[in-house]
1. Given a 1.4 angstrom probe, what's the average accessible area per residue across the chain, in square angstrom?
2. Please report the base-10 log of the normalised intensity I(q)/I(0) for region 120-256, using a Debye sum with one equal scatterer per alpha carbon and no solvent, at each q in 0.11, 0.12, 0.21 (1/Å).
3. Kindly express, to the nearest 10 degrees and within the range 0 to 90, the angle between helix 381-393's C-alpha long axis and the longest C-alpha principal axis of the chain.
4. Quick one: work out the % antiparallel among DSSP beta bridges in the chain, nearest 5.
5. If amide hydrogens are placed 1.01 Å from N in the peptide plane, which non-local residues have theirs closer than 5 Å to the one on residue 507?
6. What pairs from 431/517; 50/220; 422/517 go past 28 Å between their alpha carbons?
7. Tell me the label-point distance for the pair residue 414, residue 43, using the 7 Å Cα-to-Cβ offset, in nm and rounded to one decimal.
8. Please go through the residue pairs 150/208; 166/206; 206/403; 206/277; 417/438 and name each one whose alpha carbons sit more than 28 Å apart in this structure.
Amino acid sequence: MFLLWALPVLVYLLYRWSVATYDYFEKRNIPYVQPVPLFGQVWSFFSQGKHAVDVASEGYAMFPNTRISGVFTMRNPAYLVHDPVLYKQMAIKDFDHFTDHVTELDKDVDPLLARSLFFINGTSWRHHRSGLSPAFTGSKMRGMFGLLSKSAGDAMDRLTMFARGKPFTMELRDLYSRLGNDVMTSISFGVEVDSLTDRDNEFFVKGKRLAKIDGLPGAKLLMTLILPKLFRLLRISVMYKDVSDFYLDAVSRNIRLRESNNITRPDFIHLLLQARKNTLGSGKHDEEKLQNAGFSTAETHAVEQKAGDGRMSWEDVDITGAAASFFFGGIETTTTLLCFASYELAVNPSIQDRLRAEVDETREALPDGKTPTYEVLQKMTFMDMVISETLRRWPPLGVTNRKCTKDYTFTNTDGTKVTILKGQNVSIPIKSFQLDEKFFPEPLRFNPDRFADPTSINQDAFVPFGTGLRNCIGSRVALMQAKCILFYMLSNFTIQPDAKLTIPLVTDETSAGLNAKHGFWMNLVPRQA
C-alpha cells in the first residue's frame, strides 16, 4: 500500500525539482527556448536530428529582436548572445568578466588537451597565451612556411605522379587530412612523413585519432560542454591514452635529440624550446608587413600578466600539449576549410577559373615557376577573397562559448537591464552571425566578391576565428596552410564534381564538427604542362 502512493509522490517531487528553475528567464523578462523537464535544451541534441551547432543556436532565429536570449542546460540557466557588438564588447572591453571557456579538463586524465589553450582557464591560460603569442606572429609563420610549402609541394608532386596525366576520383577530406597531417607533423612535431604513399604510418594513424571529432570522441566533446562537472567527476578522457602517450614520447625524444646534437629546425617545437629558455622574441622589426595573413586573420591582443603570476616553466608535457592542440587545430580547421572551398570551386567553375588565373599569374613571377613564398600568398587578393567567403559561408567553428567569471550587467534591446551571474555560461553563435541577411545579403550564396571591398564587411559579425583575447591564436597558420595547399592543388589540377558528390551539400548532423554527410567526392583533372 505504501508503494502505491509513495511512487507517484516521488515521481511528482522529482518532476517539480527538475523544473524548479525554469521560471528564471520569465521572471527577468528575457526570451528563452522552452526547456524539456530535467534536460532543458540538451534533449534537443538527441531528438531533433539537427547539428549540435544549430540546436545550440536555435534561439537566435526564434527571437530576432533581442541582444540575448535564455536557454537551459539541464536545470541550469545559460545565455545565447544575439548581438555581435555585445559579443565583441564581452570579448575585448569587458574581457575580465568572461576570461574562461566552459570546458576545463583534468590534467591527470587528459594531460595533453588539458594543457591546450582552448581547455585551460584562469592563471594557467594567461601563462600559456602570453608564452605562446610570440610563436604565432607573422615573422614566425614566415619562418615555418618553408617547411609547410615543401611538405605540401612534395605531396602534390606525388599526387601528380599517381595521376599519370589522367583524371581520377578522390574523397577530398581523406586527401586533405593526409596533406594536413604531413604538414602539421612537420611543423608541430619536427618529423617528416608521407601519408599519401605510406598510408598507415604511425603519425597519420595517431593523428587521425587525435583529430577525430565524430562518433565517441565527438560525443565526449559534447559532454564536456553540457555536463562539464560530471565529465570531470567521472574522470573521462577526451583524447585516447595511447595517442597521448605516443605524442609525449615522440616529442620528448625529439627534444632530447635536438639538445644533444645542437639541432635547430624552424618549427613549433623549436619556438617552444625558446619559450622554455625565455628567448622567444616577437620579431617586431618586421612584423608590420607580415602581421596580416589575410582579411580573416584574428587580431592579436596583448594578454596582461597579473602580479604574482610568475613565469611558465614549459616542461616536456607542456610543449607536447601545446604542439598537440596546434596539430589538432591545424588539421581539423584547415581540412574543413579546404574541403568546403574545393566544393564551392567545383560547383562554381567560373570562380575556380578566376582563382586559377590568379594562381597562374602568380606562378609566372616565381623564380622556379611553382614554389610560393609567404609574402607571395599574402598578395593574392582573389585567393584571400575565396578563403574569406568560405570561412563566412562554412565556419569550421559554428559556435563558441564563455563562462562568466564576474557578474556582468548590460542593457537589452527593450531597455531592461540584464545581469549575467558569475558561473553562468554564454554561447556565441558564429554561424548564425555569418549567415544572417542583416549582415550579409544573400547569405547562402557563395560570393567571394563581397570581400572585394573590406570596408563593406561587418567586422563585428564576421568572426570565423572568434574575437578578443580568447580568439584563435593559430589563424595565421590555418590561413597560410589552406592557401598554400590550394595554390598547389589549382596549379596541378582542375576540381570537378564527381557523380557521388551530393549537390547541394548535405552536412553530417552527427559530427561535432562541420562535415559533408556523403563525403567530398571530386574528380581531379591533371592540368597539361
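1. 44
2. Per q value, in the given order, log10 I(q)/I(0) is -0.57, -0.67, -1.35.
3. It works out to around 30 degrees.
4. On the way: 27 of 30 bridges.
That works out to approximately 90 percent antiparallel.
5. Result for residue 507 returns 517.
6. Listed pairs above 28 Å: 422/517.
7. Each label point lies 7 Å from its Cα, and together they span 2.5 nm.
8. 166/206; 206/403; 206/277
The values are calculated or read from the model by the stated rules, or taken from the named source; none is laboratory data. Treat the numbers as computed from the prediction; the structure is a model and nothing was measured. Using ideal geometry, Cβ is built from the backbone for each residue, glycine included, and neighbour counts are taken over all protein chains shown. Protein only, heavy atoms only, side chains kept; ligands, DNA and RNA dropped before computing areas. Shrake-Rupley method; radii C 1.70, N 1.55, O 1.52, S 1.80 Å.
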